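*Asks:* Attaching a single structure in structure tokens format; questions to follow.
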Amino acid sequence: MCLLLNILLNGKEMELDHVNSILGADEYLQKQQPSLIILDNKLPDGFGIDFISFVKQRYPAIKIIMISGFDAAAKDVAMENGADIFLEKPFTKDQLFYAVRKLTEPYLTIVE
């Protein structure tokens with residue numbers, strides 16, 4: 001998934017960093033606080049959905065896009081835990097760009 005996200009977002013005037021576990025994300029966040037996290041649900045050491053509330057409690061300014069291939073119940077839990085946007089796999093390149101822009105360009109008016 002990291003490779004796919006890198007391909008989709010490369011060259012879009014944003015800096016990308018990758019970690020592949022909840023532990024790696026926790027260690028990264030202790031050093032860096034990005035404006036946006038794209039968080040997959042299925043990680044080697046747990047579920048991203050459970051990490052959302054941890055991030056929001058410690059770093060409330062960070063926006064989270066939760067991505068998952070699970071059913072609609074995962075979306076409800078992710079949003080309750082504090083995710084800003086939920087993208088269900090498979091998602092399109094346009095859906096990803098729209099979500100990133102919506103969260104990183106606060107003065108952008110998006111007509112839906």
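The values are calculated or read from the model by the stated rules, or taken from the named source; none is laboratory data. Note that this is a predicted model, so its numbers are computed, not measured. Side chains are part of the model used for accessible areas, which takes the heavy atoms of the whole protein and leaves out ligands, DNA and RNA. Shrake-Rupley method; radii C 1.70, N 1.55, O 1.52, S 1.80 Å.
*Asks:* Whose amide H sits under 5 Å from the amide H of ILE64, counting only residues 5 or more places off or on another chain, with H placed in the peptide plane?
*Replies:* Excluding prolines and chain starts, which carry no amide H, the hits are ILE37, ASP84, ILE85.
*Asks:* Cα atoms only: what Rg and Dmax, in Å, come out for segment 22-107?
*Replies:* Looking at segment 22-107, its Cα Rg and Dmax stand at 12.3, 37 Å.
*Asks:* Give the ranking of GLU27, GLU15 by solvent-accessible surface, highest area first, calculated with a 1.4 Å probe.
*Replies:* The most accessible residue leads, giving GLU15, GLU27.
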